[in-house]
Every structure is written in structure tokens, then in C-alpha cells.
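Working notes for the structure below.
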Amino acid sequence: MELKKLENVKVKCDFVGCNNMADYSVSIRRGIFGGTTDICLDCLKELYSLCGKELIPQSPPNMLRKKEKEYAEERAD
Ligand SMILES: [Zn+2]
């Protein structure tokens, strides 16, 4: 997958319900299949923040809390 900044290209953002002009283009190649999705900066930012929430399942505070919970459970036995 490749993310390219669009320069001097006027295309609409491909995201449903978005009427902005696209600022970036994501190109996808899977063997003989491929395509591009044009995306505006607003949608890209929103997607990025969603990815951030989704892709960091164990941030340090969560791991600490988990350890504390395990410790408390051990003590309870
Ligand atoms: Zn958009």
C-alpha cells in the first residue's frame, strides 16, 4: 500500500458522505488486483485517530492495571 500526496489533481474524496476534494491517494496492489482510493486530509486524520485507538491494544497503563488485577487475584486465593 502506498500513500501519495496529490499535487495539482482535482478529485473528490472517495469516502461516503464527504464532499471535500482529496488531498491524498492511497494506492493498493494485491497481485493483479489494484486500485486507488482518494482521501481528503480531514478523513485521513479521522482514520488515523481511529487506527491509533484500534492498533495499540496494550498501552503501558493498561498493562500495569492488568498486573495489579492479577496480583490482587493471587492475594485473594
Ligand atoms: Zn473526505
Tabulated pairs, the range 22-42, first without any contact (Cβ under 8 Å) to a residue 60 or more places away in the chain and buried (at least 17 other Cβ atoms within 10 Å of the Cβ), second among the polar types (S, T, N, Q) and part of a loop (DSSP other than H, G, I, E, B), C-beta under 7 angstrom, 6+ apart or interchain = CYS40/ASN20
message = I'd like the full set of residues that are of a type outside the set (A, V, I, L, M) and near the ligand (Cβ under 9 Å from one of its atoms), limited to the range 30-56.
response = ASP38, CYS40, ASP42, CYS43, GLU46
query = If you check GLU7, GLU2, which single one turns out to be more than 8 Å from the ligand (Cβ to nearest atom), on the phi < 0 side of the Ramachandran plot and within 19 Å of the chain's Cα centre (by Cα)?
reply = GLU2
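Readers should treat all values here as calculations from the given coordinates under stated rules, not as data from a laboratory. None of these values were measured; they are calculated from a predicted model. Methodologically, a virtual Cβ is constructed for each residue, glycine included, from the backbone with ideal geometry; neighbour enumeration extends over all protein chains shown.
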